[in-house]
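What follows is a short report on a single structure.
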Amino acid sequence: MNEEQRSALLNSSSLFPPPPGVKFSYGTSGFRADASLLESTVFRVGILAALRSIHTRSVIGLMITASHNRLSDNGIKVADPSGGMLAQNWEPFADAIANAPDPNSLVQLVYDFIKRVNIRLDEGFSAEVFLGRDTRPSGISLLEAAKQAKLGIISIIGSTFTDMGIVTTPQLHWMVRSRNKGGEASEQSYYNQLSTSFRCLLDYCPGEGCGNVDDELIVDAADGVGGEKLETLKSKLSLNVQVRNRGAGVLNDGVGADYVQKEKLVPRGFGPPDAGKRCASLDGDADRLVYFSVSSDGNAVDLVDGDKILSLFSVFLKEQLDVLAEEEEGGVVSFGVVQTAYANGASTEYLRRAGLRVACTPTGVKYLHEKAAEYDVGIYFEANGHGTVLFSDGFLSRLDSSSNAEIGGSEKKHGAAMRLRAVNGIMNQAVGDALSGVLLVEAVLLYKGWSIHQWSERLYRDLPSRQLKVIVHDRSVIETADAETRVVKPAGLQEAIDGEVAKHSPDGRCFVRPSGTEDVVRVYAEGSTRESADDLARSVASIVDRYLCS
Ligand code: G16
């Protein structure tokens, strides 16, 4: 970096001083905070994105969203060249620059990082960054801060920042992936791929299953970005979907996947007239999906969460893979299922009994995605409804030959291969995507001829569970191990939790972990009865409160 470049970066950095006394951390899914605190962070992450683009010689994505958080929050996260989350070994640099106290130290950190990682700025490659935002009004000024990063960095490396507008988080990830694979990066191409693949899957749906095609699905879009996008997708398909909470109400306020899954309550805009119907909730940026039905009095939900979506998809995928295996000469296909500690114990038991390999990672799609990518076919879902199905390149090539009826193989095998190819086209290969999820759930229910009630009841019955959160001053004082199932710091807390769990033996299970998106510690408890799960969660929450808040 020469003097002129250094002073250009200093000048632009001085326009975005960091708020005093705030410590930022690149958490489960990027930086999140009250939107008023984030301009400097977004500006700085813009610099990181440009450097990452140069380093990888690829397009990088920047998404401005706080997903399920309240309206007044916002956040920023980076999509890597694969469309997945930022490489974890760049997160410490993100933390360091977000917390640099002044422009001089920021520029020094950037300079040192360029040298240490050996980012070649002199080879004529100019950075390319795609920007997207959700519907939060604060996203407008934050997007401008990201664009200013371009001005700061342009004198050093040259860069193009392309504004993709208001998009769902998964759409931005999809566009980054698509462009880096030589494809189109537009919403239109996203809709085309999903709708074509969905139609193909229906074409290969056996006759007796496809009975429910006219049943209406009612979707709660959390008053976020997903409502309008689902309307667009729906217009390309013969799907009977009614979209509610499309943006007129307050984002994520008594609506959305996080609310329905964690509180197990009926979202705003739903009530007794919807009793028994097939309903679904997206979250604010449409990367999570849960299904539910409303009880006859309109006061309770029968939740069909991410674990049940995972189980439905796993059963369907296994059926197709088993057909291929019957006739396959080309070796065994590895199929793996990935969950977190939040997975309902009954779901893990069910999947294992079905002969599936189940792995457990810490919370956060960045961990689950990485694990699922180790298999030929990998599926991951968090209980909160965030997940997808991944296919390895090698397996996709094998599918190409299996689906080619011309070169032999039975019709059955051809059908299974075509279905799997269609799943690959529907399911976002970059990140969990609620719109993809809706399409695949609808197609698989049609294929099986199942209602939402049959889906909810036939696989397994959830163990009663309860989630609580404890508001803490500093969530970083709590550290966990073993995929977040045990607390290692502060000393004594795990023993205290174990003492409570022992009172709910043999089915009691409980863990606590610091949230990566809010200033809270989350408590998850399971028990043989609702009372036991509630009681365990409450007593552990008060232990956490005693340890961390007093
Ligand atoms: C983000 C991640 C999810 C994760 C969730 C957990 O979701 O993308 O993988 O499950 O955070 O949040 P916490 O750490 O607060 O429990 P989202 O939908 O908010 O982007």
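The values are calculated or read from the model by the stated rules, or taken from the named source; none is laboratory data. Keep in mind that this is a model prediction, so the values were computed, not measured. No Cβ is skipped: glycine too gets one built from the backbone with ideal geometry, and neighbour counts run over all protein chains shown.
Tabulated data
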| read-out | value |
| --- | --- |
| Residue pairs meeting the criteria (Cβ under 6 Å; at least 6 apart or on separate chains; first closer than 14 Å to residue 29 by Cβ and in contact (Cβ under 8 Å) with a residue 12 or more places away in the chain, in the stretch 504-516; second of a type outside the set (Lys, Arg) and within 8 Å of the ligand (Cβ to nearest atom)) | 516/27; 516/28 |
| Selection count, the stretch 179-209, where residues are loosely packed, with under 15 Cβ neighbours inside 10 Å and among the aromatic types (Phe, Trp, Tyr) | 0 |
| Some residue of the stretch 477-488 being in contact with a helix residue (DSSP H, G or I) (Cβ under 6 Å, 6 or more places away or on another chain), crowded, with 22+ Cβ neighbours inside 10 Å and either of a type in the set (Ser, Thr, Tyr) or part of a strand (DSSP E or B) (or both) | yes |
| Residue count for the stretch 21-45, restricted to those that are of a type in the set (Ser, Thr, Tyr) and more than 15 Å from the ligand (Cβ to nearest atom) | 3 |
| Subset tally (residues that are part of a strand (DSSP E or B), within 10 Å of the ligand (Cβ to nearest atom) and among the charged types (D, E, K, R)) for the stretch 516-526 | 1 |
| Residue identified as under 19 Å from residue 434 (Cα atoms), in a loop (DSSP other than H, G, I, E, B) and at pLDDT 95 or above among 284, 269 | 284 |
| Looking only at the stretch 59-87, and only at residues there that are of a type in the set (Ser, Thr, Tyr) and crowded, with 24+ Cβ neighbours inside 10 Å, the one that is farthest from the ligand (Cβ to nearest atom) | 65 |
| Whichever residue in the stretch 258-309 is within 16 Å of the ligand (Cβ to nearest atom) and among the β-branched types (Val, Ile, Thr) and, among such residues, is surrounded by the fewest Cβ atoms within 10 Å (Cβ to Cβ) | 309 |
| Test result for residue 15, surrounded by fewer than 24 Cβ atoms within 10 Å (Cβ to Cβ), of a type outside the set (Lys, Arg) and free of Cβ contacts under 8 Å to residues at least 40 places away in the same chain | no |
| Matching residues in the stretch 123-151 - criterion: being under 23 Å from the mean Cα position of the chain (by Cα) and modelled with pLDDT under 95 | 146 |
| Qualifying residues in the stretch 495-544 (those that are within 15 Å of residue 479 (Cα to Cα) and among the β-branched types (Val, Ile, Thr)) - the one surrounded by the most Cβ atoms within 10 Å (Cβ to Cβ) | 512 |
| Residue list for the stretch 49-70, restricted to those being touching an Asp or Glu at 6+ places or on another chain (Cβ under 7 Å) and part of a loop (DSSP other than H, G, I, E, B) | 65, 66, 67, 68, 69 |
| Wholly within the stretch 357-438, strands (runs of 3 or more DSSP E) carrying at least 1 residues that are within 16 Å of the ligand (Cβ to nearest atom) and under 25 Å from residue 326 (Cβ atoms) | 377-381, 387-391 |
| Output for the stretch 485-509, where each listed residue is hydrophobic (A, V, I, L, M, F, W, C) and farther than 13 Å from residue 523 by Cβ | 488, 491, 502 |
| Test for residue 231: is it within 16 Å of the ligand (Cβ to nearest atom) and without any contact (Cβ under 8 Å) to a residue 24 or more places away in the chain | no |
| Condition met for residue 252 (in contact (Cβ under 8 Å) with a residue 60 or more places away in the chain and surrounded by 20 or more Cβ atoms within 10 Å (Cβ to Cβ)) | yes |
| Subset of the stretch 489-515 (residues that are more than 15 Å from the ligand (Cβ to nearest atom) and within 29 Å of residue 66 (Cβ to Cβ)) | 489, 490, 493, 510 |
